[in-house]
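The values are calculated or read from the model by the stated rules, or taken from the named source; none is laboratory data. Note that this is a predicted model, so its numbers are computed, not measured. Here the Cβ is made from the backbone with ideal geometry for all residues, glycine too, and neighbour counts use every protein chain on show. With ligands, DNA and RNA removed, areas are computed over all heavy atoms of the protein, side chains included. Shrake-Rupley method; radii C 1.70, N 1.55, O 1.52, S 1.80 Å.
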Amino acid sequence: MSEAKTVAIIGAGPVGLAAAAHVRERGLQPIVLEAGENVGHAMRQWSHVQLFSPWKYNIDKAAARLLATTGWNSPAPDQYPTGAEMVERYLEPLANNTALRPHIQKSSRVTGISRVGFDKMKTKGREKAPFEIRYQNGQGPKVVKADAVIDASGTWYSPNPAGANGLPAIGEKEAADRIAYGMPDVLGKDRGRYAGKTVAVLGAGHSAIGTLTDLAKLAPEAPETRPVWLLRGNDPAKAFGGGANDQLVARGELGAAFGALVTAGRIKVESEFRVSHLIADGPRLVVGALSACSARQIIVDELIVATGFRPDLDFARELRIRLDPAIECPVALAPLIDPNEHSCGTVRPHGARELAQDEPGFYFAGMKSYGRAPTFLMLTGYEQVRSIAAEIAGDRAAAERVELVLPETGVCSRSLAPDASNCCGGPALSDVDACCVADEKAKQQDKAGCGCAS
């Protein structure tokens, strides 16, 4: 009897662990390499953030089946978890209490992938050679071989820079000590950094909105706190969302509350502000914007950049991969997720066929598969890895079959501005945002929208 195929999975976030569950269910051998000290390492960075979607849309089916064998109690389906609760009540039990545990290697950062005996230029016989995955842990460099690779490492640690042209703003590196990316916990562990300060937040999605809202909440307790919203576009109202018409109540409430804060003048708005340079001026930071006809600047204490994320492709350099030149995602996937045409609610489920690369057996999955597009949904990531596992196992029919049906999503179906920072303008959180329903029966029972974090 031949040995089971080995599948290396990069990343132990929700999609990476779901991939491991599907791979194991197919009789394949998973090897999960997680760069962080614990599973869900990226999710722990935004542990204070609450998802817009309830538990019933955040749990993978194969993972749930695996957890059921341990006597795990699923959280109340209609409750809304925070990032911390997702880790504590789902990812940690999945990683530590199930048969996945011996297959997960933590503190193992992948540094390169190639084919054994083949560099990128060599072709004949290439597809028969196993993958060689190099990684680094506390003991030094290591190597593991695998028959297939699923890269579900996400994009959390590759945030987009402040510069409006996609490049770091001039001086951004030098001002790094006054800049944070993503969604810091301004009411919790990061309170001391922002209380009583003038804080600019750059971005138009829910990461920016949530942070600005929290800064406004902080202001009555620390009266010198002054939030400033730097908006590249010219219409602040686009960020307010659908309000009471939003099918995800929590998301609608956030947008409505934020709109009220802006209208009341509790958040200063600088629209059409395209950051070009940053200059440290003593303890303060000068944020400048240049255009063909004007130059503007504001002076702040801190800058929070919430403009989305992009994939880090360095360790895949020796593989034959083809990506859309703009979105940096698999070519066949690009027209399905282009944020100029789609929101999270209009991206149809997809799988191994759309994610296949010129390097047979290698797949991007989860947030990383979407490149720079902000339209990723967690359940769509679960469907991706279900299909990929079936393809690797040789079950082509299952790989081609769509087992995820997404409902109509109301306001989420509107088109997005290209600089929105996640699905429906929500936060671009690596392998984070959950959405919708898992099958046709659920579609008939429940009309939910896409899940972005609040």
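Miscellaneous remarks
- Per-residue packing, averaged as other Cβ atoms within 10 Å, sorts the ranges 73-85, 145-157, 270-282 into the order 145-157, 270-282, 73-85, beginning with the highest.
- For A164, the residues whose amide H sits under 5 Å from its own are V275, ignoring neighbours fewer than 5 places away on the same chain, with H placed 1.01 Å from N.
- Residues of the range 54-129: accessible area per residue with a 1.4 Å probe, Å²: 52 Å²
- Entries of K197/K217; K5/K145; K106/K142; K5/K128; K56/K106; K217/K268 with Cα pairs more than 18 Å apart: K56/K106
- Each of T198, G182, S153 was placed along the dipole of the range 65-206 (beta-carbon charges, centred on the mean Cα), and the one lying farthest toward the positive end is S153.
- Peptide ranges 185-196, 116-127 listed from the most packed, as the mean C-beta count within 10 angstrom indicates: 185-196, 116-127
- Two-site label geometry, A332 and V116: point separation in nm, points 7 Å out along Cα→Cβ: 2.8 nm
- From phi via Karplus (6.51, -1.76, 1.60), per-residue ³J(HN,Hα) for the range 66-71 in Hz, x at Gly/Pro: 5, 5, 4, 5, 9, x
- For G196, nonlocal amide neighbours, meaning residues 5 or more places apart or on other chains whose placed amide H falls under 5 Å from its own, are E224, T225.
- Förster radius 60 Å - calculated FRET efficiency between A99 and D235 (Cβ-Cβ, nearest 0.05): 0.70
- Ligands, DNA and RNA left out, the 1.4 Å accessible surface of the range 8-80 is 43% carbon and sulfur atoms.
- Per-peptide packing, taken as the mean over residues of other Cβ atoms within 10 Å, places 216-226, 3-13 in the sequence 3-13, 216-226 from highest down.
- For V269, residues with placed amide H under 5 Å, excluding near neighbours: W229
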